[in-house]
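The values are calculated or read from the model by the stated rules, or taken from the named source; none is laboratory data. From a predicted model like this one, the values you see are computed outputs, not experimental measurements. So basically every Cβ, Gly included, is an ideal-geometry build from the backbone, and we count neighbours across all protein chains shown. All accessible areas refer to the heavy atoms of the entire protein, side chains included, with ligands and DNA or RNA removed. Shrake-Rupley method; radii C 1.70, N 1.55, O 1.52, S 1.80 Å.
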Amino acid sequence: MDIRIGQGIDFHQLVEGRKLWIGGIDIPHDKGSLGHSDADVLLHAICDALLGALALGDIGTHFPDTSDEFKDIDSKILLQRSFQLIKDRGYKVVNIDATLCLQAPKIKNYVEAMRKTIASLIETDIHNISIKATTTEQMGFVGREEGLTAQAVALLQRDE
């Protein structure tokens, strides 16, 4: 059995005038993530975890922020493309474990929708997707609501 593990992390600034996309879900908030794409911090961390598991580089290697092709792109497309690279190499997702770190808004009411969206994009069961959230107890850039971060771990197995 060929098993691979990958880890991903992403950070984005929070600014007024942008939507807040997390886990493929548009979350109502007075600030949104700043980035070249829709700046979905969770999906970007998951992309990096998937790519890292097979030593395929990172999200910036495959979807550079210098390319007009990816300007304002929906990060669900980036996750689908990252997953396709995994599938093309004969792997499937065993599970994803992710943690969001943001002071506000509270995301508890959106977690199931995120899990469902991610599971459908990477062709796995919702029970294989874990999303947790924490704050920094008002410390640092996250605590001051200047930004947010996400970490993800992906376990892959050769699809036999």
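Anything in region 1-18 that is within 14 Å of ASP97 (Cα to Cα) and either open to solvent by less than 70 Å² (accessible area, probe 1.4 Å) or of a type in the set (Asp, Glu) (or both)? List them, or say none.
Answer for region 1-18, where residues must be within 14 Å of ASP97 (Cα to Cα) and either open to solvent by less than 70 Å² (accessible area, probe 1.4 Å) or of a type in the set (Asp, Glu) (or both): GLY6, GLY8, ILE9.
Of the residues ASP72, ASP58, ASP97, which single one is more than 19 Å from VAL153 (Cβ to Cβ) and either in contact with a Leu (Cβ under 7 Å, 6 or more places away or on another chain) or not basic (Lys, Arg) (or both)?
On the way: ASP58 fails: more than 19 Å from VAL153 (Cβ to Cβ); ASP97 fails: more than 19 Å from VAL153 (Cβ to Cβ).
Step by step, each of ASP72, ASP58, ASP97 is checked, and only ASP72 is more than 19 Å from VAL153 (Cβ to Cβ) and either in contact with a Leu (Cβ under 7 Å, 6 or more places away or on another chain) or not basic (Lys, Arg) (or both).
So for region 93-103 (the condition being more than 24 Å from ASP26 (Cα to Cα) and at pLDDT 95 or above), does at least one residue qualify? Break it down stepwise before answering.
As a first pass, look at region 93-103 and keep what is more than 24 Å from ASP26 (Cα to Cα): 93-94.
Now drop any that are not at pLDDT 95 or above, which leaves 93-94.
For region 93-103, residues more than 24 Å from ASP26 (Cα to Cα) and at pLDDT 95 or above: present.
Criterion first (within 20 Å of THR124 (Cα to Cα) and in a strand (DSSP E or B)) does GLY6 satisfy it?
Values: within 20 Å of THR124 (Cα to Cα): yes; in a strand (DSSP E or B): yes.
Answer is yes for this residue.
Among (1) among the small types (Gly, Ala, Ser); (2) open to solvent by 20 Å² or more (accessible area, probe 1.4 Å); (3) part of a helix (DSSP H, G or I), there is one condition ALA119 misses while meeting the rest; what is its number?
Evaluating ALA119 over (1) among the small types (Gly, Ala, Ser); (2) open to solvent by 20 Å² or more (accessible area, probe 1.4 Å); (3) part of a helix (DSSP H, G or I) leaves (2) as the failure.
Where residues in region 103-116 are assigned to a helix (DSSP H, G or I) and of a type in the set (Lys, Arg), which of them is least open to solvent (accessible area, probe 1.4 Å)?
Quick first cut of region 103-116, residues assigned to a helix (DSSP H, G or I) only: 108-116.
Then keep just the ones that are of a type in the set (Lys, Arg); that gives 108, 115-116.
Details: LYS108: 170, ARG115: 38, LYS116: 141 Å².
Here the answer is ARG115.
Name the helices (runs of 4 or more DSSP H) wholly inside region 40-93 in which the number of residues that are of a type in the set (D, E, K, R), touching a residue at least 40 places away in the same chain (Cβ under 8 Å) and open to solvent by less than 30 Å² (accessible area, probe 1.4 Å) is 3 or more. Before the answer, list the steps.
Values: elements: 41-53, 59-62, 75-88.
Qualifying helices (runs of 4 or more DSSP H): none found.
Considering only residues that are among the polar types (S, T, N, Q), within 13 Å of the chain's Cα centre (by Cα) and open to solvent by 80 Å² or more (accessible area, probe 1.4 Å), which ones fall in region 122-160? Working first, answer last.
Narrowing region 122-160 to residues among the polar types (S, T, N, Q): 124, 128, 130, 134-136, 138, 149, 151, 157.
If we keep only those that are within 13 Å of the chain's Cα centre (by Cα) as well, we get 130, 149, 151.
Once the filter is applied, which keeps residues that are among the polar types (S, T, N, Q), within 13 Å of the chain's Cα centre (by Cα) and open to solvent by 80 Å² or more (accessible area, probe 1.4 Å), region 122-160 yields only GLN151.
Please verify whether GLY35 is in contact with a strand residue (DSSP E or B) (Cβ under 9 Å, 6 or more places away or on another chain), at pLDDT below 95 and not acidic (Asp, Glu), treating the condition exactly as stated.
Numbers: in contact with a strand residue (DSSP E or B) (Cβ under 9 Å, 6 or more places away or on another chain): yes; at pLDDT below 95: yes; not acidic (Asp, Glu): yes.
The answer is yes for GLY35.
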